[in-house]
Every structure is written in C-alpha cells, then in structure tokens.
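The values are calculated or read from the model by the stated rules, or taken from the named source; none is laboratory data. Predicted, not measured: the structure shown is a model, and the values here were computed from it. Ideal geometry is used to build each Cβ from the backbone, glycine not excepted, and the neighbour counts take in all protein chains shown. Ligands, DNA and RNA are excluded from the accessible area calculation, which covers all protein heavy atoms including side chains. Shrake-Rupley method; radii C 1.70, N 1.55, O 1.52, S 1.80 Å.
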Amino acid sequence: PSIPKNSTVVINLNYGGTNPYPSYHNPKNVFVFFDHFDDPTETMTSISTGTCTWTRDIANSIMTVSRSSTSGDCLIMKDCGISNAKVSVRARQNYSNIFFGLIGRALNSINWIQYLWRPDYVAWTINKNVNGSWSEVVRVSASLTTGAWYRLFTTLYSSSIKFFIYKDDFTLDKSLNATITELVNNTGYGFNAGPPSGYTGTNIADYDYIAVAKHIDPDPAVVGENQLLSLGSVYYDYQET
C-alpha cells in the first residue's frame, strides 16, 4: 500500500492467468483525476477571462476550445484537492499563432501557474499570475509543428516547478525548471489557450486527456536490470500502462 520515504520495497509483477484487478483498467481508479473527454457527466470549470467556448467532443474524446473575443485568456480547470501533483496531457494547437498549454495550481482567473507555448517568442514558458499580476519566470526557445500532438508533463512540489515537453512518440523535446514561492497551496489543474494580436477562431486548440496524480519528494524510482528510471520525468500513457 505504500513505499516509505528513502527506502526500497520489492514489488513482484505477475503475468498470465486471471487478472485479480480488472477494475484498475479504468484510469479513474488510478489517478486523482482523469478525464478523456468521452464522459458527458464529467465536468471542469471555466475560469476564462475572454469569450471562450470549451466543448467536449465525445465522439473523438477531445476537449476543444474556440473564441469569439479578441482579448483575455481561455482557461478551464478541475480542483483536484492536492497542491503537490504530476499533471499529464496530450495537446495540440491548430493555428500557427495560438498560445496554448496548461495551468497548474489554479485558484481563479487571476491566480495560477501557466505552462505555455508562446508563438511571439517561439518558445515554451513558465509564467505566474498572482492576484492579477502576471510575469514570465523562465523561457526556452523551441520549434513547434502546428496541428501535431505533443505530450505535456509537469511536476509541482512546494516551490519547485518542472515542465517537460514530449513529442507524440514520447521523445523528450524540451524541459524547463522554475521556483515559484507563491500559489503553493492552490489545487486546480487544467488548460489555457489564447491568441496574440487579437485573433479569434474555432477549435484553436485541442486536448486529448488530462491525468493528475499525487507527487512526493523524493520521487520514487524503478530499479531494473542495469537501469534506473525516475517516475518523475516520465509520462505515463494510461493505455500503455
């Protein structure tokens, strides 16, 4: 049921025969919060500051966002009840000049951490918005293919913030680290999309799923034959798991 801090536990993995844990095929039984956007009863809360429309495309299992205003942010979140978390999503932007990414430790429309692609800088960034005062914390230059899926993975522990960008085949593309001392107790996680230069459009960004798990420090590691794999730097695709 648990692994004590700074210790080792041997776990036996059995295969073949009857699976005694069929309920664990449901990722909602594994993660603190999981949404594949194929369940019309699941909800997230829009905290957008602009005129934004978040739509669950049940048939394609994606969350898509459109906007008809030329200002403000499109934000949507789920309060997961935990401040130290790992957050994983699969996402893409459909217009070359669209801001898009994640929000973490969101409280409301003026308090959140932002993990964002910025086309004006051609860079991934980590930003913070504290009581309406927005500022960039760190930036890394990068290329981005419009319409291509990316895997975005974040870890938050106390003031330590990490952001990993993987290509759709799980190849690590970029990573960023930041220290943010504010917002450490907020517990909302979700998505962010917004245009530069007053751009509007339909389906400007798509999100395939979101998975939120607890995060502890030090992060557990799996030790196998001549390999050490940090669980904190790997994205878990629930289907492959």
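General remarks:
- Square roots of 5 times each gyration tensor eigenvalue, C-alpha, the stretch 54-100, largest first, Å: 22, 16, 12
- Our note on the geometry: Cα centres of the stretch 164-195 and the stretch 106-152, 8 Å apart.
- Carbon and sulfur %, accessible surface of the stretch 45-155 computed with the full protein complex present, 1.4 Å: 45
- Within the stretch 27-73, none of the chymotrypsin sites (Phe, Trp or Tyr not before Pro) combine a DSSP coil assignment with at most 13 other C-beta atoms in a 10 angstrom radius.
- One chain, two ends: N97 and V138. Fully extended at 0.36 nm per residue, the span grows by 12.7 nm beyond their Cα-Cα distance.
- Candidate lysines for bridging to K28, where Cα separation is under 22 Å - those fewer than 8 sequence places away on the same chain excluded: K78, K86, K214
- For the stretch 149-209: rounded, prolate or oblate by the Cα gyration tensor [a/c cutoff 1.5]: oblate
- Spin-label proximity, T51 to the stretch 60-102 - amide N less than 11 Å from point 7 Å beyond Cα toward beta carbon: 67-71
- Largest-first principal axis extents, alpha carbons of the stretch 79-175, Å: 32, 26, 20
- Distance between modelled label sites at D38 and S160, nm, 7 Å Cα→Cβ extension: 3.6
- Relative contact order (%) - criterion: Cα under 8 Å, at least six apart; region: the chain: 25
- GNM result for the chain, Cα springs below 10 Å: residue of L107, L152, L13 fluctuating most strongly: L13
- Cysteines (scope the chain) whose Cβ has no counterpart Cys Cβ under 4.7 Å: C80
- Highest GNM mean-square fluctuation among P218, P20, P119, for the chain modelled with Cα contacts below 10 Å: P20.
- Where the chain is the region considered: accessible area per residue in Å², 1.4 Å probe: 51
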